[in-house]
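Colleague: Please read through the structure below; I'll follow up with questions.
The values are calculated or read from the model by the stated rules, or taken from the named source; none is laboratory data. In this text, all values refer to a predicted model and were calculated from it rather than measured experimentally. Cβ placement follows ideal geometry from the backbone for every residue including glycine, while neighbour counts extend to all protein chains displayed. All accessible areas refer to the heavy atoms of the entire protein, side chains included, with ligands and DNA or RNA removed. Shrake-Rupley method; radii C 1.70, N 1.55, O 1.52, S 1.80 Å.
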Amino acid sequence: MSDQYIYNYNDIIKVLPAWAQELANKYRSKTANLYILHGNIRDFLPHERKEGEFNFTRLQDYISEILFGNREIIAFYDRSSGITFCQQQMESAYLEAAPKFALSSDADNGDFLSTDPERSFPYIEKYFLSQIPKDKKTKCRMVFIIDHADYIAPAGDLIRLSDTDRYCIVTFKRWATDPKFIKGDISVILLAENLSDISSRLTSSPSTVKISVPFPDEKIRASYLRSKEKEGKLLLDKGLTPEKLAAITSGLNLMNLNRLASESFEKDEPLSLEFMRRKKKEIIENEAGGLLEFMETTYDLSHVSGHDYIKKRFKNAVKAIKRGRPDVLPMGYLMAGPVGTGKSFMVNAFAGEIGIPMVKFRNFRTKWQGETESNLEKVLNILVAMAPVAVMVDEADAFLGDRNQEGDSGTSNRVFAQIASFMGNTEYRGKIIWFLITCRPDLIPIDLKRQGRAEEHLALFYPESKKDREDLFKTLVRKLKLDIRNFSITDLFRKYDHEYSGADLEAVLVRAEHLAAIDDRVFIKKEDMEEAMSDFQPAAYPDEVELQTLVAALECTSKEMIPAKFKNMTRSKIISRIQELKVFLGER
């Protein structure tokens, strides 16, 4: 028993974090003996000794020392180290007893401690069973902690797994249902970062307890940073405190913070807010394996022209968040509208207005079975740790898929169900704000755009009046930081009366700037703009644009957003025209 901890289980369980309490309660109930711990398992874990004071240790030590008090038999296994024990006397007792279970006289320590589970597992099992007290009044806790379980019981079709993998899966399933293990107080704990990396035959079994270890919250991060400060190993910029640093490091675990603090200390360079923001972006993108991209923006809603109704909705959302009322926010937004209307820019401007980080989903799908689900699980765990955060999913109709996709062994169906379930978790209301961006909202399954998920349906359209176009022009000039000299755009819009989208007009301005640069000027004059506008040819896909406009109008949850030319059309007439266009364009 460790002299660092007083092993009183009832006292300890009261101060355990939620995940450890769940593990302890399941263990004490004697209804299960196979546990899978997943999530933030490679981090330092906090144990609250006193109010607000924490000790930090690794997961294996946390389980052995804090949960089980380093007694009575605690063994470890991974594919690299084989069988080990938390104390030398435990290993000595095992090696002394193991030869009794040998099938041949050639067996030795290499078999008893082997990295090959087919060689070592039979011995550790027989040893555990032999240590079950015959006297029911005597207790002997036995714990077998298996790290990197995804390497010996991986997800995938059985036919693709090795004999050793299949052996491990069968062994774990047998242990999970063996009455001798449960009655004999033998617990088996599997560790893996992603639950989806472990065979579904284990994760879906009712005999298996699955427990997620979360990323540290702000309170834990602050406590850890204070502990580093007390050790004299935390250098902070003037005015920066551990509490302020903890507030801006959501999404980072304690290992990340320790690395940054150590690098800063070794270089004798105090940590600054700007440095931490930059490093946070870098670390999270690396942790996500390139599956998330930080969307940095210098814009806010003042850089958006028109779309007054949507800007008003977003500004109200900003007020709610700043007043601490995330409960009144929608779970997510569906941003619809034809191509070139600035849907992504609108979302970026909202993120700049609200001051919370925004990330963009990148492609997490791969051709390897099981890896797609693993990637998604990793990304969703990071989003929870980063909260509050805005999540942008561009081209959502193609990116997210639906429940009825075929041809990939059910991967797309499972991924869709995982995303839909996560988006609908009301625990994250106001903490994880979804923005599904698409020009074809009709192709997004109802499961994702119903109430409780992407609840607010907003739509952007091309500017209708000349005034709208002029306002858009002025906004784009400010956004692009252009120097316009001595001309009015009104006359040019009257002369070149195209139906400009925001993207069209931005392209024209860039061309005009290019003409000015050729003439060795830093400002744009009327001749540049006229030449660019006269040369501009609108894209030749009016039917597609009309279809995108109509489905966006049909999707709007407010009549105020719908363009005037569609307001007098009944829904049935809009639907009929949509069907005509789909037939004409060869869609089903």
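Colleague: Restricting attention to strands (runs of 3 or more DSSP E) lying wholly within the stretch 8-126, give those where 3 or more residues are at pLDDT 90 or above.
Modeller: Passing ranges, in order: 34-39, 73-78, 82-85.
Colleague: Looking only at the stretch 120-131, filter to residues that are among the polar types (S, T, N, Q) and open to solvent by 30 Å² or more (accessible area, probe 1.4 Å); which one of those is nearest to ALA102 (Cα to Cα)?
Modeller: Of the residues in the stretch 120-131, the ones among the polar types (S, T, N, Q) are 120, 130-131.
Now drop any that are not open to solvent by 30 Å² or more (accessible area, probe 1.4 Å), which leaves 130-131.
Values: SER130: 14, GLN131: 16 Å.
Within the stretch 120-131, the match that is nearest to ALA102 (Cα to Cα) is SER130.
Colleague: Between a residue in the stretch 419-435 that is free of Cβ contacts under 8 Å to residues at least 24 places away in the same chain and any residue that is outside any helix (DSSP H, G or I) and open to solvent by less than 30 Å² (accessible area, probe 1.4 Å), which pairs come within a Cβ distance under 9 Å, given they are 6 or more apart or on different chains?
Modeller: ASN425/MET331; ASN425/ILE432
Colleague: Now for a separate question. Taking ALA503 as the residue in question, decide whether it is closer than 26 Å to LEU334 by Cα, of a type in the set (Gly, Ala, Ser) and surrounded by 21 or more Cβ atoms within 10 Å (Cβ to Cβ).
Modeller: Criteria not met by ALA503.
Colleague: Can you work out which of the residues in the stretch 22-66 that are within 22 Å of LEU202 (Cβ to Cβ) and of a type in the set (Ser, Thr, Tyr) is most open to solvent (accessible area, probe 1.4 Å)?
Modeller: The initial filter retains those residues of the stretch 22-66 that are within 22 Å of LEU202 (Cβ to Cβ), namely 22-27, 29-42, 59-60, 63.
Okay, now just the ones that are also of a type in the set (Ser, Thr, Tyr), so 27, 29, 31, 35.
Numbers: TYR27: 18, SER29: 54, THR31: 100, TYR35: 2 Å².
Among those that are within 22 Å of LEU202 (Cβ to Cβ) and of a type in the set (Ser, Thr, Tyr), it is THR31.
Colleague: Which of the residues belonging to the stretch 438-447 are surrounded by 23 or more Cβ atoms within 10 Å (Cβ to Cβ) and either more than 24 Å from SER576 (Cα to Cα) or out of contact with any Asp or Glu (no Cβ under 6 Å at 6 or more places or on another chain) (or both)?
Modeller: CYS439 - this is the single residue of the stretch 438-447 that is surrounded by 23 or more Cβ atoms within 10 Å (Cβ to Cβ) and either more than 24 Å from SER576 (Cα to Cα) or out of contact with any Asp or Glu (no Cβ under 6 Å at 6 or more places or on another chain) (or both).
Colleague: When you look at LYS311, is it in a helix (DSSP H, G or I), open to solvent by 40 Å² or more (accessible area, probe 1.4 Å) and modelled with pLDDT of 85 or more, yes or no?
Modeller: no
For every residue, the table says whether it meets (1) within 22 Å of LYS449 (Cα to Cα); (2) more than 18 Å from the chain's Cα centre (by Cα); (3) open to solvent by less than 60 Å² (accessible area, probe 1.4 Å).
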| residue | (1), (2), (3) |
| --- | --- |
| ALA317 | yes, yes, yes |
| PRO326 | yes, yes, yes |
| PRO330 | yes, yes, yes |
| LEU334 | yes, yes, yes |
| LYS343 | yes, yes, yes |
| GLY355 | no, yes, no |
| VAL359 | yes, no, yes |
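Colleague: Right, another one. Quick one: count up the residues across the stretch 100-137 that are under 20 Å from ILE169 (Cβ atoms) and among the acidic types (Asp, Glu).
Modeller: Residues in the stretch 100-137 being under 20 Å from ILE169 (Cβ atoms) and among the acidic types (Asp, Glu): 3 in total.
Colleague: Sticking with this one: From the set of residues in the stretch 206-233 that are in contact with an Asp or Glu (Cβ under 8 Å, 6 or more places away or on another chain) and of a type outside the set (A, V, I, L, M, F, W, C), which is surrounded by the most Cβ atoms within 10 Å (Cβ to Cβ)?
Modeller: Result: PRO216.
Colleague: Please work out if GLU560 is touching a Pro at 6+ places or on another chain (Cβ under 9 Å), open to solvent by 40 Å² or more (accessible area, probe 1.4 Å) and closer than 27 Å to HIS457 by Cβ.
Modeller: Working: touching a Pro at 6+ places or on another chain (Cβ under 9 Å): no; open to solvent by 40 Å² or more (accessible area, probe 1.4 Å): yes; closer than 27 Å to HIS457 by Cβ: yes.
In short, no.
Colleague: Continuing with the same structure: For the list (1) surrounded by fewer than 19 Cβ atoms within 10 Å (Cβ to Cβ); (2) at pLDDT below 85, I need the number of the one condition that LEU400 fails.
Modeller: Status for LEU400: all satisfied but (1).
Colleague: Would you call GLY452 surrounded by 17 or more Cβ atoms within 10 Å (Cβ to Cβ) and at positive phi?
Modeller: No.
Colleague: Another question, then. Taking HIS498 as the residue in question, decide whether it is open to solvent by 70 Å² or more (accessible area, probe 1.4 Å) and of a type outside the set (Lys, Arg).
Modeller: It is false that HIS498 is open to solvent by 70 Å² or more (accessible area, probe 1.4 Å) and of a type outside the set (Lys, Arg).
Colleague: Residues ASP394, ASP408: which one is modelled with pLDDT of 85 or more and surrounded by fewer than 21 Cβ atoms within 10 Å (Cβ to Cβ)?
Modeller: It is ASP394.
Colleague: Okay, moving on. Restricting to the stretch 425-449, name every residue that is in a loop (DSSP other than H, G, I, E, B) and closer than 21 Å to ASP394 by Cβ.
Modeller: The answer is THR438, CYS439, ARG440, ILE444, PRO445.
Colleague: Please enumerate the residues belonging to the stretch 24-46 that are touching an Asp or Glu at 6+ places or on another chain (Cβ under 9 Å) and either free of Cβ contacts under 8 Å to residues at least 24 places away in the same chain or farther than 26 Å from LEU129 by Cβ (or both).
Modeller: HIS38, GLY39, ASN40, ILE41, ARG42, LEU45
Colleague: Applying the selection to the stretch 247-292, what residues are among the acidic types (Asp, Glu) and within 12 Å of ILE382 (Cα to Cα)?
Modeller: Within the stretch 247-292, GLU285, GLU287 meet the criteria.
Colleague: If we scan the stretch 325-342, do we find a residue that is more than 19 Å from ILE356 (Cα to Cα) and β-branched (Val, Ile, Thr)?
Modeller: yes
Colleague: Being in contact with a strand residue (DSSP E or B) (Cβ under 7 Å, 6 or more places away or on another chain), open to solvent by 10 Å² or more (accessible area, probe 1.4 Å) and not aliphatic (A, V, I, L, M), is that true of even one residue in the stretch 252-259?
Modeller: Checked against the condition, which is being in contact with a strand residue (DSSP E or B) (Cβ under 7 Å, 6 or more places away or on another chain), open to solvent by 10 Å² or more (accessible area, probe 1.4 Å) and not aliphatic (A, V, I, L, M), the stretch 252-259 yields no hits at all.
Colleague: Something else now. Within the set of pairs 6 or more residues apart or between chains, which connect a residue that is farther than 13 Å from GLY184 by Cβ inside the stretch 131-147 to a residue that is open to solvent by less than 10 Å² (accessible area, probe 1.4 Å) and not in a strand (DSSP E or B) with Cβ atoms less than 7 Å apart?
Modeller: That search, which allows pairs on different chains as well, returns ILE145/ILE63.
Colleague: Looking at the structure I just gave you, is ASP483 surrounded by 14 or more Cβ atoms within 10 Å (Cβ to Cβ) and of a type in the set (Asp, Glu)?
Modeller: no
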